[in-house]
Amino acid sequence: MYVSYAVEDFLVHDLYSLVASAEQQSSSEELREGISQVISIIGSQHQPWSNGVELLGDAQKNKHVLPTGCEGIDMLLQGGLRVGHVTELVGPSPSGKTQVCLQAASNVAVKFMGVVMFLDTCNSFSPRRMACFINQHFNTPVEEVTQKGLKRVMSSILCQSVFDIFSLLDVLRQLELKLQFQVNTGDCKLRLLIIDSISSLITPILGGNGAHALKCTETGLLPSGVDIL
């Protein structure tokens, strides 16, 4: 008698109970092999356990922190933006929220050699201001070296304009799918995602006047260690 299991069986029953049940069937070898493959796939989706020594070492090295480049803010955040967390900058306009976003973008692009995505909802992205922040990292009198460094870093900072909440959600969904593919292929280079700002998209829906802007700097850990500001 040939026995097969449906997806429902794997969701409802304990996997090891299914293995024990499969061993009692005439086709037990094939069933055990199939169930073992399912267990292996499920296990590969979980992060490995870390011991206390490893966690302490990571903390001491600020391994999971992205400095913004703003000394006072990094001090308050105990090193910078936390990978896997959402950081919101809130305050009246103009209180410097966009400047922090621009400086954080330049700092990550220069020091971590990663890609930064800037979702601009209110025409706040300034390439000239970004270039000023980047040039501060190149302390060399050689103009050619400075220009090469500037071009390299600026090419890793991507900006896209979105002017309504539905476009933003669509862009984020497309980005999620793209990053999942890149993570699976080991080709994910995105380190930081900046949304500046969310309030300009939500306020019209809520009926407010947007007097107090909200800048969202999400340090969201995508499976590859992506940081979202």
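The values are calculated or read from the model by the stated rules, or taken from the named source; none is laboratory data. Since the structure is predicted, the reported quantities are computational estimates derived from the model, not experimental observations. Cβ coordinates were reconstructed from backbone atoms using ideal geometry, including for glycine residues, and neighbour counts include every protein chain displayed. Accessible surface areas use protein heavy atoms only, side chains included; no ligands, DNA or RNA. Shrake-Rupley method; radii C 1.70, N 1.55, O 1.52, S 1.80 Å.
Quick one: which residue in GLY149, GLY80 is at positive phi, out of contact with any Lys or Arg (no Cβ under 7 Å at 6 or more places or on another chain) and surrounded by 15 or more Cβ atoms within 10 Å (Cβ to Cβ)?
Working: GLY149 fails: at positive phi.
Of GLY149, GLY80, the one residue that is at positive phi, out of contact with any Lys or Arg (no Cβ under 7 Å at 6 or more places or on another chain) and surrounded by 15 or more Cβ atoms within 10 Å (Cβ to Cβ) is GLY80.
On the stretch given as the stretch 83-116, residues that are among the β-branched types (Val, Ile, Thr), open to solvent by less than 30 Å² (accessible area, probe 1.4 Å) and modelled with pLDDT of 85 or more total 5. Of all the residues in the stretch 71-100, those that are over 17 Å from the mean Cα position of the chain (by Cα), more than 21 Å from SER124 (Cβ to Cβ) and hydrophobic (A, V, I, L, M, F, W, C) number 3. Looking across the stretch 181-199 at every residue that is of a type in the set (A, V, I, L, M) and not in a strand (DSSP E or B), the one that is modelled with the lowest pLDDT is identified as VAL183. Whenever a residue of the stretch 85-96 is under 17 Å from ILE194 (Cα atoms), its partners that are at pLDDT below 80 and open to solvent by less than 90 Å² (accessible area, probe 1.4 Å), lying with C-beta atoms within less than 6 angstrom and at least six residues away or across chains, give the pairs HIS85/THR219; VAL86/GLU218; THR87/THR217; THR87/THR219; GLU88/CYS216; LEU89/LYS215; LEU89/THR217; VAL90/LEU214. The set of residues in the stretch 171-180 being open to solvent by less than 80 Å² (accessible area, probe 1.4 Å) and at pLDDT 85 or above consists of VAL171, LEU172, LEU175. Of the helices (runs of 4 or more DSSP H) contained entirely in the stretch 3-55, those carrying at least 1 residues that are within 23 Å of GLN180 (Cβ to Cβ), modelled with pLDDT of 70 or more and open to solvent by less than 50 Å² (accessible area, probe 1.4 Å) fall at 28-44. Taken over the stretch 117-157, residues that are at pLDDT 85 or above, aliphatic (A, V, I, L, M) and more than 20 Å from SER200 (Cβ to Cβ) amount to 6.
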